[in-house]
Amino acid sequence: MSGGYVGRLAPSPTGALHLGNVRTFMVAWLRARQSGGKVILRTEDLDHPKHKTGAAAQAVEDLKWLGFDWDEEYVQSERISLYAEALETLRSKGLAYPCVCSRRDVEAAQSAPHEGDQLHYSGTCRDRFSSWNDACRFLNPSPAEGVATRIPCWRFRTPDEARIAFDDGFAGAYSMDVRAQLGDFPLAREEKGAGYTLAVVVDDAAMGVTEVVRGDDLLPATPQQLLLYRALGLKEPKFFHVPLVVGPDGRRLAKRHGDTRISSFREAGIKAEEITGYLAWSLGMNPNKEPIPLSALAGIFEPAQIPHNPLEFHRLA
Ligand code: GLU
């Protein structure tokens, strides 16, 4: 299928699969299947304090139960060497440097509020250390037994000219001056590792993803990713960011809005097609919220019908 559409589902095992993630995955799956393309399932399990044991396997099972299928499957924790290689490429081009600033240091240096919860980094460590080890020695001048060693992080040397503009397939024109908004952003928290931003870029490029479909909470992360595609000489995908599901209070769907985990609906005797039927309605198909299996939706899905406002969830039927 060379030259065809390649899409992906990229769950993070930070919690159970719920209506919010599934709605986005439906759009991703339908865009791929409607264009006769390939779907990749990628579990994004790089170290994260919020990861829950068993959540990755449960997500895969829930997706299958809902009727999703895919052509290739990957797990990020098995791909660390690829991310380390990309980091080394950036380092050898002078585009990555070690930084010893703590989150508190970075916050303290902020002059104005920035978009979302992303912090601006003023570049304190830009030309400060000759190597990773040099930065480690700075953080741990006299390492003592029983005292935890602190480690630096890698940051990207954002170019002076870093206004990134792109045309999102759903959200439309988007642009950000990455230098002014974020400055030098973090790439990894270990010497040979990768954080989310770098790993996603490396993976989407390696897997030949042609379009990234995801929640619009990641729209502000996209310009950093585009800078990395360019710095690494990788082919950029297209982007399609869809609105999230929110609770009646307008806030992103979460536990406080009740239990919307797929596994809980399933345990309560609700059928997969009732869930996909409801979500199909929310995406502008299926006006009467009839139960419909996912496989039947590829024939009627019309991306232009997806509402531009977040879906406010009250109940399934
Ligand atoms: N794994 C990320 C998440 O669950 C999504 C990453 C992406 O789609 O680029 O939020």
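No lab work stands behind these numbers, since they all come straight from the coordinates. Here the structure is a predicted model, which means the values were calculated and not measured. Every residue, glycine among them, receives a Cβ derived from its backbone with ideal geometry; neighbour counts consider all protein chains shown.
Some values worked out for this structure:
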| quantity | calculated |
| --- | --- |
| Kirkwood-based Rg to Rh ratio, the stretch 131-179, C-alpha trace | 1.34 |
| Alpha carbon Rg of the chain, scaled by the compact-globule rule 2.2 N^0.38 Å | 1.07 |
| Most mobile of 161, 274, 88 in a GNM of the chain (Cα contacts under 10 Å) | 161 |
| Rg [Å, one decimal], Dmax [Å, integer] - the stretch 173-317, C-alpha atoms | 18.6, 54 |
| Spatially proximal lysines relative to residue 50 (Cα-Cα < 23 Å; intrachain offsets below 8 disregarded) | 192, 255 |
| Antiparallel DSSP beta bridges within the chain, as percent of all bridges there, nearest 5 | 45 |
| Principal-axis tilt of helix 55-66 within the chain, Cα atoms, nearest 10 degrees | 30 |
| Helix 272-282 axis, angle to the chain major axis (alpha carbon atoms, nearest 10°) | 80 |
| Cα Rg, Dmax (largest Cα-Cα span) when computed across the stretch 23-160, Å | 20.4, 60 |
| Whole-angstrom gap from the stretch 235-313 to the stretch 158-193, using each part's C-alpha centre | 29 |
| Cα-based helix-to-principal-axis angle, 80-92 vs the chain, degrees rounded to 10 | 50 |
| Gaussian network model of the chain, springs between alpha carbon atoms under 10 Å - residue of 86, 304, 148 with greatest fluctuation | 148 |
| Rg to Rh, two decimals, where the stretch 84-188 supplies the alpha carbon set and Rh follows Kirkwood | 1.04 |
| GNM result for the chain, Cα springs below 10 Å: residue of 85, 145, 73 fluctuating most strongly | 145 |
| Estimated vicinal HN-Hα couplings, Hz - the stretch 31-46 in sequence order (Karplus 6.51, -1.76, 1.60; Gly, Pro = x) | 4, 5, 5, 5, 9, x, x, 9, 10, 10, 9, 10, 7, 9, 10, 4 |
| Cubic angstrom per residue, convex hull over Cα atoms of the stretch 141-228 | 136 |
| Per-residue HN-Hα couplings for the stretch 171-188 [Karplus 6.51, -1.76, 1.60; θ = phi - 60°; Hz; x = Gly/Pro] | 6, x, 5, 9, 8, 8, 8, 5, 5, 6, 7, 10, x, 7, 8, x, 10, 7 |
| Kirkwood hydrodynamic radius over Cα pairs of the stretch 198-273, then Stokes diffusion coefficient at 25 °C and 0.890 mPa s, in µm²/s | 164 |
| Using distinct alpha-carbon pairs, which all enter the 1/r mean, Kirkwood radius of the stretch 12-89 in Å | 13.8 |
| Low-density loop positions, trypsin sites (Lys or Arg not before Pro), the stretch 193-276 - DSSP coil, at most 11 other Cβ in 10 Å | 235 |
